[in-house]
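Asks: Got a structure here, written out as structure tokens. Questions coming.
Coordinate-derived values only; no laboratory data. Just so we're clear, the structure is a prediction, and the values are computed from it rather than from any experiment. Here the Cβ positions follow ideal geometry from the backbone for every residue, glycine too, while neighbour counts run over all protein chains shown.
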Amino acid sequence: MEAAFLGLGLMGEPMAANLQRRMAGLVVWNRSAAAADRLRQDGAIVASSARNALRSASLIFLMLGNSDAVNEVLERETEAFSDNVRGRVVVNMGTVAPDYSLALSRAIDLAGGHYVECPVSGSRNVALAGELVAMISGPEQVIEKVMPLVRLMTSDIYLCGDIPGALRTKLAVNLFLITMVTGLAEAMNFAVSQGVDTELFRRILDAGPMASVVSSGKLEKLVSGDMEAQAALRDVEFIARLIRAEAEKSAVATPMLDGCQTLLENAVEMGEGHLDMVAVIRAIAQHRLPEQ
């Protein structure tokens, strides 16, 4: 099946690279040229425009930043939209609002195409290793067509029922990840304030029952001061807002997330949005308790 991959950002580039290494003739497109040029050197075909990329293949992977970017790339508000998606399977691997995904699914169906949502969980390092966890929703017969290529980018795939089940599941998963990593940054900030040896702190946590691939990786970054983005803080803050919006619709309390979201927003306002999400420690360090 001919495939195209649009959106070569922090996560999209390694995902597309894994796809390219395992199949021939992958078409790629990105708004900026650098990532596309790197994939060109590995044998990918770089499309001159998003429209050309869409119309070059029967299977389209999207890894775009938000719903506005998806609308722009698919030309959803124009007459070109139908020609861009008709007869094609569009697999959205980015994180968008569940209601938006459901509406997009209906629009693509009406235009004669098929839609699958397949958000992924993991960081850039995990994407490089091809070990992302995918959550997938859509028509069963369509999922069967895309599954072989999704497997080339992931280590685990979980069926999540009808659209937008996969995105609802992704938001629930991310709620835990956001609160966990923010809590880890808070613990590190406290340890530093108490004069605790941070390397000793790291070793103890890594040896304890709460250790995980995520906690160990984030601890290493906190101890070393390495803030290079594996999961960009601004992207995490965006997902936190999506979760909060869904929670408000269902009148579900998210007190832990609410505190994390405030800290993430503060960190973005401080200019830390391009850094890894552990940079939230800088907002935590500046936070002051109310006077007693």
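Asks: Would you mind getting me the FRET efficiency between residue 103 and residue 286? Use the beta-carbon distance for r and R0 = 41 Å, nearest 0.05.
Replies: Numbers: r = 40 Å, r/R0 = 0.97.
E(calc), rounded to 0.05, equals 0.55.
Asks: Mind checking the angle between helix 140-150 and the chain's longest principal axis? C-alpha axes, 0 to 90 degrees, to the nearest 10.
Replies: 70 degrees
Asks: Summing -39500 (n - 2.57) over the DSSP H runs of n ≥ 4 in the chain and dividing by its residue number, what mean residue ellipticity at 222 nm do you reach, to the nearest 500 deg cm²/dmol? Don't skip to the end; give the middle numbers.
Replies: Details: 14 runs with 158 residues, N = 292.
It comes out at -16500 deg cm²/dmol, rounded to the nearest 500.
Asks: Give the order of 262, 154 when sorted by the count of other beta carbons within 10 angstrom, beginning with the fewest. Don't skip to the end; give the middle numbers.
Replies: Working: 262 13, 154 25.
Ordered by Cβ neighbours within 10 Å, fewest first: 262, 154.
Asks: Assuming R0 = 35 Å, can you tell me the calculated FRET efficiency for the pair residue 252 and residue 216, based on Cβ-Cβ distance, to the nearest 0.05?
Replies: On the way: r = 31 Å, r/R0 = 0.87.
Calculated value: 0.70.
Asks: Report, in whole Å, the centroid distance computed from the Cα atoms of segment 16-80 and segment 182-196.
Replies: 42 Å
Asks: Just to be sure I understand, if you calculate mean projected area of the Cα convex hull in nm² for this structure, which of (i) 21.1; (ii) 16.7; (iii) 20.3 do you get?
Replies: Answer by label: (ii).
Asks: On C-alpha positions alone, give me the angle between the axis of helix 165-193 and the longest principal axis of the chain, in degrees, nearest 10.
Replies: 30 degrees
Asks: Treating cross-link reach as a plain straight distance, find the lysines whose alpha-carbon is under 29 Å from the alpha-carbon of residue 218, omitting any fewer than eight places away in the same chain.
Replies: 170
Asks: A follow-up question, please. Suppose each label sits 7 Å from its Cα in the direction of the beta carbon; what would the residue 141-residue 34 distance come out to in nanometres?
Replies: Between residue 141 and residue 34, the label points sit 4.5 nm apart.
Asks: Using the Cβ atoms and a cut-off under 13 Å, what net charge is assigned to the surroundings of residue 68, where Lys and Arg are +1 and Asp and Glu are -1?
Replies: Numbers: positive: 31, 76; negative: 72, 75, 77.
In short, -1.
Asks: At a Förster distance of 25 Å, what's the computed FRET efficiency of residue 269 paired with residue 199, Cβ-Cβ distance as r, to 0.05?
Replies: On the way: r = 31 Å, r/R0 = 1.24.
E between residue 269 and residue 199, to the nearest 0.05, is 0.20.
Asks: Roughly how tilted is helix 213-224, in degrees to the nearest 10 and between 0 and 90, from the longest Cα axis of the chain?
Replies: The answer is roughly 60 degrees.
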